[in-house]
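The values are calculated or read from the model by the stated rules, or taken from the named source; none is laboratory data. Since the model is a prediction, treat every value here as computed from it, not as a measurement. FYI the Cβ positions are ideal-geometry reconstructions off the backbone, even for glycines, and counts take in every protein chain you see. Just the protein is used for accessible areas: all its heavy atoms, side chains included, with ligands, DNA and RNA removed. Shrake-Rupley method; radii C 1.70, N 1.55, O 1.52, S 1.80 Å.
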Protein chains: 2
Amino acid sequence: MNTTGVLSSPARRQALADSYQAPELPPPAPELLRLLDLPANLPETLSIAEVAAVTGLTAHTLRYYERIGLVEVARDESGYRVYDREALARIVFVTRLRLSDMPISTITHYINLVNQGEQTAPERLLVMQEHRAMIRRRLREMSAALALTEYKIATYGGHCTP
Amino acid sequence: MNTTGVLSSPARRQALADSYQAPELPPPAPELLRLLDLPANLPETLSIAEVAAVTGLTAHTLRYYERIGLVEVARDESGYRVYDREALARIVFVTRLRLSDMPISTITHYINLVNQGEQTAPERLLVMQEHRAMIRRRLREMSAALALTEYKIATYGGHCTP
DNA sequence: AGTTGCGTTCGAGCGCGCTCTAACCTTTAC
DNA sequence: GTAAAGGTTAGAGCGCGCTCGAACGCAACT
């Protein structure tokens, strides 16, 4: 039973699904890109299906993220998850880091530092600086691979010699 | 017994290892970057350890790549692998594609097309065009993640809200 | 001749990041 | 009332890309 009046009604679910496009699974990256600028007209709290709809993650993955301690999610009287703005922000943050291939272990470490308070700021800075170096390296590698791919396309098939 | 005179002597192995830096495993990406411009003074044929030294892959991985059909490698009289220039080029090519996160199944498919001859050029082109689109998407995602990381660094730690 | 080290094959194992199943409960629609 | 749709947990399973172990062979050095 829902006495708070904030849980998802079918109409609301439908509206959310419509306004953010139902996630079609084969190409997952486009809807993940939406994360980089989330719509501002979101309700105060969201159900797990709604978070899944706006983030492009599956409900399974959201439960998994909670299980491994990446986010804490409140429950209603029936035990259903209730994602508030903070929880959603955390999910979005984690998803962005995942998009740049930060290992979950590193994200967990970083979030543990955050939970420990402000005195861990220097170590957090270090984590992010290392991550920046990794991203830059990967950007270089991907750019080189893009050049190779462009070359292959330009030569229309070509052979297996680089 | 080695009657060809091309197999690795300890001195040659040493020289190769010296001239290309022994691979130190914790950060694997730097030596993989070397692949993007291989040194030109390579011998005609290489042993598996030598290929490992110049590519940064492990001998285990090289055997694995051969096992799954990504490359064919000749043997000497004792059954040892002998990598000629063509095999090395293939390994380098595969490694570049892997660096851009092309799945091994796609690489296998592409290489099968190459082995089937010139009439598969159109399909190969398609494969590469799709791969290019994937690389471009990933470059955008990584750039966005870089921006987030720079922001975190600029605000020195910050919170878990993006 | 013996030791050391690089090579071979086959097959199992592993770490990561999900992904799914089973069994069960709550809410909503008809 | 009943069925459908969505939620819960705990735990197993999976696909990928290696990675490693075992048992053995060959080669070079001393």
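Could you please give the count of residues in region A:98-110 that are within 14 Å of chain B (Cβ to nearest Cβ), at pLDDT 95 or above and not in a loop (DSSP other than H, G, I, E, B)?
Result for region A:98-110: 6.
May I ask you to list the residues in region B:38-67 that are part of a loop (DSSP other than H, G, I, E, B) and more than 9 Å from DNA strand D (Cβ to nearest atom)?
Result: B:Leu38, B:Pro39, B:Ala40, B:Asn41, B:Leu42, B:Pro43, B:Glu44, B:Thr45, B:Ser47, B:Gly56.
Run down A:Arg137, A:Arg132 and say which single residue is assigned to a helix (DSSP H, G or I), at the interface with another protein chain (Cβ under 8 Å from one of its Cβ atoms) and under 20 Å from the mean Cα position of the chain (by Cα).
Working: A:Arg137 fails: under 20 Å from the mean Cα position of the chain (by Cα).
Sole residue among the options that is assigned to a helix (DSSP H, G or I), at the interface with another protein chain (Cβ under 8 Å from one of its Cβ atoms) and under 20 Å from the mean Cα position of the chain (by Cα): A:Arg132.
Within region B:98-118, can you find the residues that are more than 10 Å from DNA strand D (Cβ to nearest atom), open to solvent by 40 Å² or more (accessible area, probe 1.4 Å) and aliphatic (A, V, I, L, M)? Walk me through how you get there before you give the answer.
Going through region B:98-118, the residues more than 10 Å from DNA strand D (Cβ to nearest atom) turn out to be B:100, B:109-118.
From what is left, the residues that are open to solvent by 40 Å² or more (accessible area, probe 1.4 Å) are B:109, B:112, B:115-116, B:118.
Hits for region B:98-118: nothing passes.
Would you pick out the residues in region B:84-118 that are within 16 Å of DNA strand C (Cβ to nearest atom) and more than 14 Å from the chain's Cα centre (by Cα)? Step through it out loud before you land on a result.
Here is the first cut: in region B:84-118, the ones within 16 Å of DNA strand C (Cβ to nearest atom) are B:84, B:87-88, B:90-91, B:98, B:101, B:103-105.
Hits for region B:84-118 are B:Asp84, B:Ser105.
Mind checking which residues of region B:29-87 are open to solvent by 70 Å² or more (accessible area, probe 1.4 Å), within 24 Å of B:Val114 (Cα to Cα) and at pLDDT below 95?
Matches in region B:29-87: B:Asp37, B:Glu44, B:Arg85, B:Glu86.
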